[in-house]
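Accompanying notes for the structure given below.
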Amino acid sequence: MDAATNLKYLVSPGGSLKGRLRVPGDKSISHRSIMLSAIAEGTTRIRGFLEGADSLATLAAFREMGVEIDGPEGGELTVRGVGMQGLRQPERPLDMGNSGTAMRLLAGLLAGQRFPATLVGDESLSRRPMRRVTAPLTEMGAEILTSGEGTAPLRLQPVSRLAGIDYRLPVASAQVKSCLMLAGLYAEGRTCVNEPAPTRDHTERMLTAFGYDVSRSGPRVCLEGGGSLKACALEIPADISSAAFFMVGASIARDSDVLLESVGINPTRVGVINILRDMGASIELLDKRMAGGEPVADIRVRSARLRGIRIPVDQVPLAIDEFPALFIAAACADGETLLTGAEELRVKESDRIQVMADGLEQLGIEAEPRPDGIRIRGGELGSTEGADAIHAHSDHRIAMSFAIAGLRARGPVEVQDCANVDTSFPGFASLARQAGLHLEGEAA
Ligand code: S3P
């Protein structure tokens, strides 16, 4: 049994969520903070870095490539940038663990280096589609070998030059957009990416913070290759994707009232707030401010009676990581919730449509998976007592979603294969307990 299969959550039913909570730093921004500070000129200080396995994999990769990094300690890091051409050839394959963001963004950043590199990942990451990045990178002149199925390992060979590209994304993906922008830094001429729908724009914002010119006009973002990045100070907000579990938990549990501190509310990430509000949730954004180029607020969430909705398709990319938690909200809502246009959920850390549908069915909730979404009829959540535990399929967000479901379940809920919660939310179990969830973790 590997590390990812050896932790179970045992949740006793009931409880309320209360208090001021600070969830860990934003995962997407943490990855980017390492990548950009590493290739910048000068020393960057980072605060609020997520010390989870995913972003630590990115950090370790840059150490392998000769970047000196102090920390992390209490979320603080000092990165001594080596400049655009200062990375060194790694001595071994770079292990991206469970992280799609690390692998896809690094593929872009490494495509234009003067040395070869190989990117590998765990079982789940090794199943995820990589042609979405290798195909456009190849058009730019990169040389990348994948498995026959277009999956990792990715073997990158040095090439004499990359050329800028004008690329229309076939799927709305911030990872693909960011991959191409990072490759574009090393390409001759202009690289433009056209998005079918807005996706998270942390790469654009952070490049600007590092003094790199990025132009945006509507769905099109462009940059010129060959510039340089200047070190800066970065403050990373708390991750709205982690806060989402407490937003849903406080909404569905009686007598709940939580304040989630300093959460990033970038407009490209707030689908979870918009959708929950449409469902009737009580969510207030307090003390809105800017931190490190990103909008931030304290988020107050109180119990509310939720109703099922048709989730607007334009919210899908803005809430793409929050659907497992939102499905729990839908299971506790009056009436039916319908999600469409979300086929991407099938190629995340697990097939999140099927895995969530299976777990909800185990709890007695009618959930009909569809190729591009799901239909969920709200009802009373049962229990796994005397039955099989719910299987998280090594997917952090599935594990945390079913843990939160315990707040409204009729009996105990057991979730197995939860160790990967550490990829995005180290300390989830203790923070959730502190807030009022009756959760125990147990080595299986
Ligand atoms: C991410 C983009 C999204 C998201 C992932 C993080 C990023 O993936 O699901 O967790 O940091 O750019 P896609 O680009 O595949 O939608």
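Dipole of the chain, Cα-centred, from +1 at each Lys and Arg C-beta and -1 at each Asp and Glu C-beta, to the nearest 20 debye?
Dipole magnitude for the chain comes out near 940 debye.
How much accessible area per residue does the range 117-226 have, in Å², with a 1.4 Å probe?
Numbers: 4520 Å² over 110 residues.
Solvent-accessible surface per residue comes out at 41 Å².
Just to be sure I understand: of the beta bridges DSSP finds with both ends in the chain, what percent are antiparallel, rounded to 5?
Values: 57 of 78 bridges.
Counting only bridges with both partners in the chain, antiparallel ones make up about 75 percent.
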Worksheet item: Lys/Arg Cβ at +1, Asp/Glu Cβ at -1, dipole of the range 405-444 taken about the Cα centre: which of Gly441, Val415, Ala405 is farthest positive-ward?
Response: Ala405
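For the range 1-138, with only Lys/Arg (+1) and Asp/Glu (-1) charged at the beta-carbon, what is the dipole magnitude about the Cα centre, in debye rounded to 20? Write down the numbers at each step before the final one.
Details: 18 positive and 14 negative charges, 105 e Å.
Around 500 debye, computed over the range 1-138.
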Worksheet item: If we sort 286-292, 105-111, 85-91 on the protection proxy, mean other Cβ atoms within 10 Å, highest first, what's the order?
Response: 105-111, 85-91, 286-292
Worksheet item: Can you give the FRET efficiency for Val159 and Ser12, using 1/(1 + (r/R0)^6), R0 = 41 Å, r = Cβ-Cβ distance, to the nearest 0.05?
Response: 0.10
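Count charges around Arg289 for me, please; just the other residues with Cβ under 13 Å from its Cβ, Lys/Arg as +1, Asp/Glu as -1.
On the way: positive: Lys288; negative: Glu235, Glu261, Asp287, Glu294, Asp298.
Taking every Cβ under 13 Å from that of Arg289, the sum is -4.
Quick check on the range 27-235: of the DSSP beta bridges with both residues there, what percent are antiparallel, nearest 5%?
The answer is about 70 percent antiparallel.
What is the gain in length, in nm to one decimal, between Asp255 and Arg277 on full extension, counting 0.36 nm per residue of separation less the C-alpha to C-alpha distance?
Numbers: separation 22, 0.36 × 22 = 7.92 nm, distance 1.79 nm.
Length difference between fully extended and current span is 6.1 nm.
Placing unit charges on C-beta atoms (Lys and Arg positive, Asp and Glu negative, everything else neutral), compute the dipole magnitude of the range 27-235 about its Cα centre in debye, rounded to 20. All intermediate terms of the calculation are to be shown ahead of the outcome.
Details: 24 positive and 23 negative charges, 85 e Å.
Computed about the Cα centre, the dipole is about 400 debye.
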Fill in: Alpha-carbon centroids, the range 99-141 and the range 393-444: separation in whole Å
31 Å
Fill in: Among Val296, Val355, Val171: highest mean-square fluctuation, GNM of the chain, C-alpha pairs under 10 Å
Val171
Discussion item. Tell me the carbon and sulfur percent of the accessible area for the range 379-434, rounded to whole percent, probe radius 1.4 Å.
Written reply: 40 percent
Worksheet item: Taking Cα centroids, how far is the range 277-344 from the range 1-67 in Å?
Response: 22 Å
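Carbon and sulfur atoms: what percent of the 1.4 Å accessible area of the range 27-235 do they account for? Show your work: numbers first, answer last.
Values: 3670 of 7960 Å².
Answer for the range 27-235 is 46 percent, counting heavy atoms of protein chains only.
The values are calculated or read from the model by the stated rules, or taken from the named source; none is laboratory data. Note that the structure is predicted; figures quoted are calculated from it, not measured. Please note: Cβ atoms are built from the backbone with ideal geometry, for glycine as well, and neighbour counts cover all protein chains shown. These accessible areas exclude ligands, DNA and RNA; they are computed on the full protein's heavy atoms, side chains included. Shrake-Rupley method; radii C 1.70, N 1.55, O 1.52, S 1.80 Å.
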